[in-house]
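For reference, the structure discussed in these notes is given below.
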Amino acid sequence: MKFVKNQSFGFYLGILTIIAAIVGMYFYFVNSATATFGNIPLNAVTVYGGVLAIVLELFVLIAGQFKANNGWLGVLTDISCVAIAVLLVWGATVFFADRINLFAGVMTFNRNAQTLADMSSALIGIAALFGSGALAIVASFFRVSKTTR
Amino acid sequence: MKRGTKVRAFRGVTTACAAVLALSVTATSAVAGFRTDINRFLGTHSTEWTSDPNADPSKTYTYKSDYTNTKDLVLAARDLGERVSEEGSVLLKNNGALPLTPAETGKISLLGFSSYNPVQGGDMGSSVSINKGTDADTVDMVQAFKEKGFTINPTLEKMYDSMKDQFTTEINNWGNISTVTRITAPMIGAPFTSKEPSQEALDKQDPQWKASLADNNVMIVTIARSSGENRNYTPGTAGVDPQQKLNQSDPLGLSDDERNLINAAVTAKQENGGKVIVLVNAANAMQLQEVQDNAGVDAIMQIGLPGAYGFYGIADLLSGAATPSGHLSDTWVSNNQSTPAAVNYGDYQWKNADPRHNINSELVQAEGIYTGYKYYETRYMDVINGAGNASSTKGSTDGSGWDYYKEVTYPFGYGMSYTTFSQTLDDVSVNLNEKTVTAHVTVTNTGAYAGKDVAQLYVSTPYTDYDKRNNVEKAGVQLLDYAKTKELQPGESQTLTITADAQYMASWDSSAKNAAGTKGNYILDAGQYTFALGNGAHAAANNVLTARGEGASDGVRGNTSETAQWSLDALDTTTFASTKNGTKVENQLADADLNKWMPGTVTYLSRSDWDKTWPKVYEGLTATDDMLKAGLTNDTYQISANSEEKATTWGASGDLTLADLKGVKSPDDKKMTELMNQMKLSEAMIRTAFGGTSTKPLVSISSPEVIQNDGPNGFASYPLGQYANKDKSSGDPYAIDANDKNANYSMGILANESILGQTFSKELAQEWGKLLGNYSIWANTTILWGLGTNLHRNAYNARNHEYFSEDPMLTALQATAAVQGGQEYGIILAAKHYAFNDTEINRIGIAVFMNEQKAREGELRAHQSEVEDGHILGMMTGYNRIGVTAANANTGLMLNILRKEWGFQGLLSEDFIMDNEYKNLRAAAFNGITMTTSTGEDSMQAVEKQWPYWNERDVSQDSRLSAALKRNMTWQYYAFANSNAMDGLNDTSRLHNVRTWYDNVLTAMTVAASVLTLAGAVMYILNRRKYAIEGRSLDESVAAGSASNSENMNADEAQSQTASEVASENAVETEKEN
């Protein structure tokens, strides 16, 4: 309970960022295994960038619990905040850009229940990743815990 | 504000700006990939031309329109639309009720909701454009009839109008979800749902509607079925909405609500006098035997999907202002499931289907050559001759012995007129040296109305023991060619000369030796050849039988004056052993026969024994490892370093432009070669990979952007003003005012192509091509994927409306005439989909199997004349596989037949395949595909991202592929050089890249985001440093204070009170302040 009481707004935003990023990544992999989108190669920016963003967000949340946040740890935390948002927005944009053509196809020539279902996983994933990016941006304005200076 | 808060604020600002920077940089790259579409949407340009203003204008604008303004242009479209329906609508039944008298046109009752909400185009693809406020607005049936002076029963009009909400359906048309008020075609796998109101519903809506028929007793009942791309009619009751229970046995048969409506009209006629006329507003052949048999129905007219103006022509036909001269382009039967091509028609999934490779289903076309009339008439003739177990119950609708007259309602080529004609086949001469069949036909109008008539020239080739031994099939009759008369006045005669291509009499024999020393050849059998005219294939068949002295005891009464004989003494395997360009023919599609992969599996239908060879359903198949390796996994071409071809020159220096090659006569022209040498390999690779919506401009050879449009019913994708030149000072004679009344005119206005087929008029097809060519000049849109050259394999393909006919010769000759008509205007009128794209079920990936005789005498024949005679400059390939290999990757189909045997020298695009593996870029390029429909950034990086193997290093080392790319680009730019895409350019024209405003916005966004990111970072660092200094000072002061107060505190408390805690408290306070 004390731990929870000690957390600041940034902590909860960080948790939401991770959840949204994991949801986005999950749907990215789900979508990449569908018949409609399966032959689009996995994009390193989305995959490794997404994973790195999640790891960095975890780092930020953990580092934020320490009191001595004014030295190298604080700088690393702040750099991580920037990197998280960049990686997530970049990954989401690439996710979307790689699929624009096929979206057009699904909405026109190849519209059927299967392709629409396949497309929905892409849309959910893209929305989640963009959402995680937005959350990361907002989170960067707040400290993680009340312990943080 | 506390220092820690400032640090976080600048951290946040830096983060937000960096994220925007990432977004803008990535968006800049993505935008480059969709530049054409964005430019189109925004009206911007990314390239700019400079030319010497003193250049000769006559060399700048080469192609001339027949029209001087857009008003004349769209009025010409309306005029042609009206005439096509006049000549393409088919009168199927008439007991004298038609034409109507002037008095009768004053008391018209339109029955059926489709009279008020007709189907004028497809649901998706070939959808009719609804133009309003232009010089040629779209009209529906009611509007057209009223404009033509008809008076419509207002009670019915009001009643149906008040019910129109019941007739709506949501459809998807190229991504545009809209609600239409009319009947629609079912999506793949979905059932047909009738929307015709029941009698009870009509009575409830207006109890007086039947009474209103007394004074308006010329009753026109419209029965409609829609069509559409990516749609399908599932055969039988499975294709009918089970909830409706309307006694409908087939989606293309009548429902009780439709039946009862017709009967209500018949009853009203019995009570009040008058007439009952049924209009069939459908492109798919419907089952109309019961309407034909209904004595109360006076007349039936099939009007297809008449486009924006066709109802003007239909009104003229009804009133007698025009005389019908259309003939069916399909066989209309009592039961569409009775045709052997319906036996294998559906979703037959492979047992080892694999979506990763688009391996979905297979389709075995076991009917062989026997589709449409080639089945019905051949079997009929065999029944008459007692041959081949033709009277077997196999294929019989009622289960008794097969009887032509129980199966066929209206034969292929059949059509009535208000007048009568006599035809005499004066003579026929076959010249195998010139490879022609020349016939003279005298047509005389023996009736009371002026009208046109069609001379349909059929040939019956001998079916010999040699054929039976070698599995060569022969249709009893086959259309060879045709001609249409001018309008003949009563008593007037005209002698038509038909010069047919004799190669289309020949049959493909896969077992015959050939000039290449292999197997597979066109043969002419020894024996008697009978040429026959006739009002349709059945009349011709009867004429053949009578001419041969057959069938008299069965009541066959043909007309021998409509026949001629020619005999060949010995089997001829040499005359057509080489094509027109001298290429020796041989088997090219052995892979398409399932028996190659699974020996003994397929029995193809043979007239040698209709019973034993009747098709069975081929389903539940498992693709073998050989089939997977040979093509199903799309791994048919590996890029490898080799020197099989001479080194290809790329990126040579030079100052030639494509405009210098305007009108070049041959792709082998020396200057053309020099020009193409200037192109870089990367440019060729990008243009092959990204050819969608337009071919992008190329600075190295100053080639223009070449815009594409889709639609067998005209330029439907963009309005006239989209790409039209709006700069009147440019010297372009076809520039339009920015506020031109017709700038928003959309040209998806023509009737569906089956109607053009039904005109049997090459002249009208040529006019069709001319109109499209004229429009192309004004619209600055060069490529139109506008000729549907697949065949109607059976009635259930809901995309049949985009194709001409079940018959390859009618298809080929109409399409060729259209191509030739358009050429003088510089349009690239392209045929699609080469080949065998004759179902929409699993169309991307379906493996279509057939024997080579069917392939060559069916859909390939439907494409051959466009290439050999029409010199067509553009074609589109099919989505499907042929055998195990995607059509795009099939060397036999694409290279050996299309390019080599026929000599096709134009551009060749894939269809809208979006799957990068199935698109099979490397194999497609090797096989002569010049572009795909993908779009993307003009960079190798963008291409490689989608196809990692498509990189310059590897491709440059593959001499075969490098040479293929040069050859493909030469074909493509040869086509452009001979098109109106070159209009506005001359030998002084040079292309330059320019930036658009959105490029500037993105750049500004990137710069601003960069600056702000940097500024945020700097401010962050400064505050962080101060924060760190202040933090240390605070720590020190707290530590000092702590020491002085230590004696007042116990030791434990003193240890725990650290500077950090103080700072933390400060931060908490700060947060509260925030």
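The values are calculated or read from the model by the stated rules, or taken from the named source; none is laboratory data. Note that the structure is predicted; figures quoted are calculated from it, not measured. All Cβ positions, even for glycine, are placed from backbone atoms using ideal geometry, and neighbour counts span all protein chains on display. With ligands, DNA and RNA removed, areas are computed over all heavy atoms of the protein, side chains included. Shrake-Rupley method; radii C 1.70, N 1.55, O 1.52, S 1.80 Å.
Observations on the structure shown:
- Packing-based ranking, highest mean first, of B:48-54, A:25-31 given that Cβ atoms within 10 Å are counted: A:25-31, B:48-54
- Cross-link pairs beyond the 22 Å C-alpha cut-off, checked among B:616/B:832; B:584/B:832; B:71/B:132: B:616/B:832; B:584/B:832
- Over region B:90-323 - Rg/Rh using Cα atoms and the Kirkwood inverse-distance radius: 0.94
- Antiparallel content of DSSP bridges confined to chain B, in %, to 5: 65
- Debye log10 I(q)/I(0) at q = 0.09 Å⁻¹ for chain B, Cα point scatterers: -1.04
- Shielding by other protein chains, A:26-38, mean Cβ within 10 Å: 2
- Solution diffusion estimate, µm²/s, Stokes-Einstein, chain A, Kirkwood Rh from C-alpha pairs, 10 °C, viscosity 1.306 mPa s: 99
- Buried area at the B-A interface (accessible, heavy atoms, 1.4 Å probe, summed, Å²): 4000
- Heavy-atom accessible area for residue B:729, with the other protein chains in place and a 1.4 Å probe, reaches approximately 100 Å².
- Our coupling estimate for region B:475-487, obtained by passing each phi through the Karplus curve with A = 6.51, B = -1.76, C = 1.60 and θ = phi - 60°, is 6, x, 9, 9, 5, 9, 5, 6, 8, 10, 7, 6, 6 Hz, Gly and Pro reported as x.
- Residue-averaged beta-carbon neighbours from other chains (10 angstrom radius) around A:78-90: 6
- Per-residue mean of C-beta atoms belonging to partner chains within 10 Å, peptide B:182-193: 1
- Chain B: angle of helix B:70-88 to the longest principal axis, Cα-based, in degrees nearest 10: 40
- DSSP beta bridge pairing in region B:90-323, given as percent antiparallel to the nearest 5: 40
- Chain B, accessible area per residue, ligands and nucleic acids excluded (1.4 Å, Å²): 34
- In chain B, helical runs assigned H by DSSP with n ≥ 4 each contribute -39500 (n - 2.57); averaged across all residues and rounded to the nearest 500, the mean residue ellipticity at 222 nm is -9500 deg cm²/dmol.
- For region B:579-593, backbone phi angles converted through the Karplus equation (6.51, -1.76, 1.60; θ = phi - 60°) give residue-by-residue couplings of 7, 4, 9, x, 6, 6, 8, 7, 4, 10, 10, 4, 5, 7, 8 Hz, Gly and Pro being listed as x.
- Scanning residues 5 or more positions from residue B:606 or on other chains, those with amide H under 5 Å from its amide H are B:613, with H placed 1.01 Å from N in the peptide plane.
- Fraction of accessible area attributable to carbon and sulfur, region A:11-139 (%, probe 1.4 Å): 82
- Helix B:808-823 axis, angle to chain B major axis (alpha carbon atoms, nearest 10°): 60
- For the residue pairs B:435/B:762; B:107/B:146; B:671/B:966; B:148/B:741; B:146/B:770, the alpha carbons lie more than 18 Å apart in B:435/B:762; B:148/B:741; B:146/B:770.
- Rounded accessible area of residue B:508 (nearest 10 Å², 1.4 Å probe): 0
- Extending 7 Å from the Cα toward the beta-carbon at both residue B:625 and residue B:737 defines two label points whose distance is 7.4 nm.
- Adding -39500 (n - 2.57) for every DSSP H run of four residues or longer, then dividing by how many residues chain A holds, sets the calculated 222 nm ellipticity at -25000 deg cm²/dmol.
- Derived scalar couplings between HN and Hα for region B:895-911 equal 8, 6, 8, 5, 7, 8, 5, 8, x, 5, 10, x, 7, 9, 10, 6, 7 Hz in order, rounded to whole Hz, by the Karplus curve 6.51 cos²θ - 1.76 cosθ + 1.60 (θ = phi - 60°), x for Gly and Pro.
- Model label zone, residue B:385; criterion: amide N under 15 Å from point 7 Å along Cα-to-beta-carbon; scope region B:512-531: B:525-531
- Fully extending the segment from residue B:146 to residue B:552 would add 141.1 nm, taking 0.36 nm per residue of separation and subtracting the current Cα-Cα distance.
- The stretch between residue B:354 and residue B:492 holds 43.2 nm of extra length on full extension. This uses 0.36 nm per residue minus the Cα-Cα distance.
- Here is the list for region B:553-611: trypsin sites (Lys or Arg not before Pro) lying in DSSP coil, each with at most 12 other C-beta atoms within 10 angstrom of its C-beta, are B:557.
- Peptides B:467-479, B:98-110, B:662-674, B:13-25 ranked from most to least packed by the mean count of surrounding Cβ atoms within 10 Å: B:13-25, B:467-479, B:98-110, B:662-674.
- Here is the list for region A:1-78: trypsin sites (Lys or Arg not before Pro) lying in DSSP coil, each with at most 16 other C-beta atoms within 10 angstrom of its C-beta, are A:67.
- Per-peptide average of other Cβ atoms within 10 Å, ordering B:115-121, B:387-393 highest first: B:115-121, B:387-393
- Close amide-amide hydrogen proximity is noted between residue B:188 and B:232, each under 5 Å apart and 5 or more residues distant or on a separate chain (H modeled in the peptide plane; Pro and chain starts excluded).
- Principal-axis tilt of helix B:762-779 within chain B, Cα atoms, nearest 10 degrees: 20
- Accessible surface of chain B, 1.4 Å probe, proportion on carbon and sulfur as whole %: 49
- Its relative contact order, with pairs defined as Cα atoms under 8 Å and 6+ residues apart, puts chain B at 17 percent.
- Close amide H contacts of residue B:882 (hydrogens built in the peptide plane, cut-off under 5 Å, sequence separation of 5 or more or a different chain): B:848, B:887.
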